[in-house]
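Taking it in order: structure first as structure tokens, then the write-up.
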Amino acid sequence: MTRQRTRTEKHAEPQGRWVRALAANAAGKIFEIPGYAACGRAGGQVVPLSREETAPVPHGSEFMRLPGRHPLLYNLHKARVELVREDPFHPGQPLFPVAVFHSPGHVPTRVCAYEEAQGASPLPLFSYGACGWQGKSAVSAAVQVEWEPRQDLRQMPREKVVSGVKRARKELPDNRLARHLEKCALTYGCPAAKNFFIGRYEAPLPTAPACNARCLGCLSLQKDSEIPNSQDRIAFTPSPEEIAEVALSHFSRVKTRPVASFGQGCEGDPLLAAGAIVPAIRLIRAKTREGTINLNTNAGRPGLLLQCLEAGLDSIRVSMNSVREETYTAYFRPAFAFADVLESIQMALSRGVWVSVNYLNCPGFTDSEDEREALFAFLARYPVQMIQWRCMNFDPLRYYAAMDVDMDKKPAGMEPLLQEVRKRFPKVRFGYFNPPKESFNGFPGRRYR
Ligand code: SF4
């Protein structure tokens, strides 16, 4: 990032409580726009970003220039939000918005404010947080809900991953799943796969080439869509023995509270591979009680989930963008009923299994009145143990359209939503990662509020 310090300082803008505006040129160079403050969007509401609601951008986040779009910035002199199409330093040249894709554990409270130019393509599958410049650093509007360094890239040097891959080739020479995870770690840069090879925290156990939903923002399959998928789906279902080998290797090497999870970004829904997962869980539990066996799922098949729970699953994480049937269905486009998902959650809770909701959130939708009230009613009816606040990795303006967001209504705000959930449901844990079973009855470490 370059900061056109000289130009900015010469102008001595009445910055007041607002954060400085950032934008980019066609070459991707990011710089300050003198005379303007940064803005953030939540639904139809576009406002200047204040210093109070922003904090330095967390390590591991990425800045993105948004093609086919122009930034909405706050004109400090005219005290109004303006669409700025041209680069003030090169008249006639286009100006592009800059967004931040936050590192894990941060919930954006505003998305990047921009308008699409004619013919703009959908943005790829990332979240686009609002950001600006303050003092000597880039800042963004986000709330931290997770402090565990599970996916802190500084702790996953490539050389450690590579030597882990070599070790796994010796330990598991004929294991197709271990070979698949090599591509995930070395090509896609998947932090979960890297953690398996390094031997820390949580290992991934992808198993399912197929899915019974067609999520708008599916990372592994984008059919008849202009949006590229982020990674390819696993093309085979590993055998129960291959799955158990990978899990047992991880549980034997990670000394503190290891986790192994079915349901990764490079597969469909693991319940459709229950035929391999159920015997794999039995094989693992026949060898050890160590480690947490978790399943990330859309929970659309309660019958198959029951088989996995009976085999010895410790916890589940159910992905939901909304707890309202209409908006859930508009996003997941499932081949199952919303009622099946609720039945799965009820069944797991009644069996004393730890249930997390993987709550795919987006400011302007998740903090809308209807979504807030629905979430409170859901949590009262289904006392899940945890909400994993995960960004909705999807083009925000197109998401608002798909969710039919009323752009005239003022959303309540993501931070007030988190605070209200915290107040009404104090037992519900906030975080980002699947917790180890050792922490189910009490939670060491830092918490949100
Ligand atoms: S449930 Fe998962 S695998 Fe299935 S479509 Fe949705 S994101 Fe993709």
Seminar exercise, completed: Per DSSP, the loop-located trypsin sites (Lys or Arg not before Pro) within region 330-434 having at most 16 other beta carbons within 10 Å are ARG351, LYS409, LYS427
Exercise. Percent antiparallel among DSSP beta bridges with both residues in the chain, to the nearest 5?
Worked result: 60 percent
Seminar exercise, completed: Result for region 223-321: accessible area per residue, probe 1.4 angstrom, in square angstrom, of 37 Å²
Problem set entry | the chain - percent of accessible surface contributed by carbon and sulfur, probe 1.4 Å | 51 percent
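Under the rule of -39500 (n - 2.57) per DSSP H run of 4 or more residues, summed and divided by the residues of the chain, what mean residue ellipticity at 222 nm is obtained, to the nearest 500 deg cm²/dmol? Could you put the intermediate results ahead of the total?
Values: 12 runs with 127 residues, N = 449.
It comes out at -8500 deg cm²/dmol, rounded to the nearest 500.
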For this session: Just the isolated ones, please: cysteines in the chain lacking another cysteine beta carbon under 4.7 angstrom.
Result: CYS39, CYS112, CYS131, CYS211, CYS266, CYS308, CYS362, CYS391
Problem set entry | Rel. contact order, % - alpha carbon contacts under 8 angstrom, at least six apart, region 7-144 | 29 percent
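Averaged per residue, what accessible area in Å² does region 7-144 show with a 1.4 Å probe, protein chains only?
On the way: 5530 Å² over 138 residues.
Per-residue accessible area for region 7-144 comes out at 40 Å².
Let me check something: with ligands and nucleic acids excluded, how do LYS437, LYS136 order by accessible area (1.4 Å probe), largest to smallest? Could you put the intermediate results ahead of the total?
On the way: LYS437 55, LYS136 180 Å².
Ranking LYS437, LYS136 by accessible area, largest first, yields LYS136, LYS437.
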Exercise. Relative contact order (percent) for region 153-439, with alpha-carbon contacts under 8 angstrom and 6 or more residues of separation?
Worked result: 15 percent
Problem set entry | Average projection area in nm² (convex hull over Cα atoms of region 7-144, one quarter of hull surface) | 8.3 nm²
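Treat every Asp and Glu Cβ in region 300-449 as -1 and every Lys and Arg Cβ as +1, leave all other atoms uncharged, and give the resulting dipole magnitude about the Cα centre to the nearest 20 debye.
700 debye
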Exercise. By its C-alpha gyration tensor, with a ≥ b ≥ c as the square roots of the eigenvalues, how is the chain shaped: rounded for a/c under 1.5, else prolate for a/b larger than b/c, else oblate?
Worked result: prolate
Exercise. Just by accessible area at a 1.4 angstrom probe, what is the order of ASP224, ASP174, ASP232, ASP314 from largest to smallest?
Worked result: ASP224, ASP174, ASP232, ASP314
Problem set entry | Solvent-accessible area of GLU343 with every protein chain in place, 1.4 Å probe, in Å² to the nearest 10 | 100 Å²
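What percent do you get for the relative contact order of region 280-352 when only Cα pairs under 8 Å and 6+ apart count? Can you show the working numbers first?
Numbers: 70 pairs, mean separation 26.7, N = 73.
Relative contact order, region 280-352: 37 percent.
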Problem set entry | Restraint check, LYS170/LYS255; LYS29/LYS78; LYS255/LYS287; LYS183/LYS255; LYS160/LYS194, Cα-Cα greater than 18 Å | LYS170/LYS255; LYS29/LYS78; LYS183/LYS255
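The values are calculated or read from the model by the stated rules, or taken from the named source; none is laboratory data. Since the structure is predicted, the reported quantities are computational estimates derived from the model, not experimental observations. Counting neighbours? That spans all protein chains shown, and the Cβs are built from the backbone with ideal geometry, glycine included. These area figures cover heavy atoms from the full protein model, side chains too; ligands, DNA and RNA do not enter into them. Shrake-Rupley method; radii C 1.70, N 1.55, O 1.52, S 1.80 Å.
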